[in-house]
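Asks: This is the structure I have questions about; it appears just below.
Bear in mind that the values in this text are calculations on the coordinates, not laboratory data. These figures come from a predicted structure and were not determined experimentally. As a convention, Cβ positions derive from the backbone with ideal geometry for all residues, glycine included, and neighbour counts pool all protein chains shown.
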Amino acid sequence: MFGAIISATDPVAVVAILKTLGVSKSLGTIIEGESLFNDGTAMVIFAVAVSAVEGETLTVGYVAGKFARLSFGGPILGGIMYLILRTWLSFVHFNPVLEVNLTICFAFITFFVAEHPAIHVSGILAIVILGILMTRSGKTTISNRSEHAVHTVWALVGFYAETMIFMLAGMFFGMEMTAELFKDNFWKSIVLYLFLIVIRLCLLMITKPILGLTGYPIEYSHVLLMTWGALRGALGLFLAMIVKTNPKINQQTKDVVMFHAAMIALFTLLINGTTTGKLVAFLGLSKQSKTAKVFSKLYMQKVDDYQLAELEVYRNCGYKGLYIP
């Protein structure tokens, strides 16, 4: 259970840095795709592990059946919901409000249907497949006038959702933190953080030849970047909060799981997240030349100077209007 919690990665910040530095789009896509399926797999394993921790009697057949239902049922449901959503969107033209609402409603409906006790498949995998299919071929059903609105709204939804998770996790972490808990587990969190990096590096080195056979070859520099850029964030904290609020799990286990999940997320965000740009430059993965960086910096400085000058004019005019030269 704990392994599933701390294995879920959150590469949003790293992918944003890669786009800013001009790293190849294919590498960013590989990192995002690996994270999506990693999160879905972690959620499936977590659901099976929680059943065991809660005291249920598990057999090999029960575990295999539940794992298969969660793993395959979610993608199947996501595909079905994609067909319905795409068909519905094909009847809507140049209506940004309705198209945005449809994409949001179908995402929530897909997750709720997937997690309903009568169906009980992986909601995250269903959402992942729905998103992949919409990105691949379903986006053609979204009108050009609405495409920007859809991207903007979903960016805001993702930002607010992650912010809320971090706020709630901070509240849970702060309310239950004690000096004894910190003293007994802080150094364990540091060792665990180092082990996670080593384990991920080993697994990526093992799977590197397999990726080459699938048409997505990666270099050793990519392996290092994917290892260092595997931040832990929203999903891991969300799963830890599920454990924290589960009355069937003993209090000590809940406190330790919440502590380590929060500390691992903190370490990866503060250490890995802030140094990924330096690693990209060191590995030479940035496509942007030094000359382009200098001109880009000069251009941004000119923009800042112009904005400050306009603001000063705005103030001097007594808020009567801007002077545009």
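Asks: Return one number: the angle in degrees, 0 to 90 and rounded to the nearest 10, between the long axis of the Cα atoms of helix 144-176 and the longest principal axis of the Cα atoms of the chain.
Replies: 50
Asks: Please check which bits of the range 1-41 a label hung off ASN246 would reach, taking the label as a point 7 Å along Cα-to-C-beta and the cut-off as backbone N under 12 Å.
Replies: From the range 1-41, the list is 1-5.
Asks: Which of GLU115, GLU54 has the fewest other C-beta atoms within 10 Å, and how do the rest follow up to the most?
Replies: GLU54, GLU115
Asks: Can you tally the lysine pairs in the range 2-288 where the Cα-Cα distance is under 28 Å and the two residues are eight or more apart, or on different chains?
Replies: The result is 22.
Asks: Related question: Please name whichever of VAL100, ILE142, ALA179 sits farthest to the positive end of the charge dipole of the range 2-288, dipole taken about the Cα centre and charges placed at Cβ: Lys and Arg +1, Asp and Glu -1.
Replies: ILE142
Asks: For THR163 and THR207 in the same chain, what is the full-extension length gain: residue separation times 0.36 nm, less their Cα-Cα distance, in nm?
Replies: 12.5 nm
Asks: Report, in debye and to the nearest 20, how large the dipole of the chain comes out about its Cα centre when Lys and Arg carry +1 and Asp and Glu carry -1 on their Cβ.
Replies: 700
Asks: Hey, how much of the P(r) for the range 17-170 falls beyond 21 Å, as a percent of Cα pairs?
Replies: 55
Asks: Starting from the Cα coordinates of the chain, work out the convex hull volume and express it per residue in Å³.
Replies: Dividing the Cα hull volume of the chain by its residues yields 207 Å³.
Asks: For the modelled label position 7 Å from the Cα of GLU115 along Cα-to-Cβ, which residues of the range 213-256 have backbone nitrogen atoms closer than 11 Å?
Replies: 239, 242
Asks: Can you tell me the 0 to 90 degree angle between the C-alpha axis of helix 12-21 and the longest principal axis of the chain, rounded to 10?
Replies: 40
Asks: Could you tell me the center-to-center distance, by alpha carbons, between the range 147-169 and the range 81-139 in angstrom?
Replies: 17
Asks: While we're looking at this one, here's another question. What's the FRET efficiency of THR253 with PHE37 using the Cβ-Cβ distance as r and R₀ = 22 Å, to the nearest 0.05?
Replies: Taking R0 as 22 Å, the efficiency between THR253 and PHE37 is 0.20.
Asks: Moving to a separate point now. Given a Förster radius of 25 Å and the C-beta distance between GLN301 and ALA16 as r, what FRET efficiency does 1/(1 + (r/R0)^6) yield to the nearest 0.05?
Replies: The value I calculate is 0.70.
Asks: Okay, moving on. Using label points projected 7 Å from each Cα along Cα→Cβ, tell me how many nm separate PHE108 and ARG145, to one decimal.
Replies: 2.6
Asks: In nm, to one decimal, how far is the modelled label at LYS25 from the one at THR214, with both set 7 Å along Cα→Cβ?
Replies: Result: 2.1 nm between the two label points.
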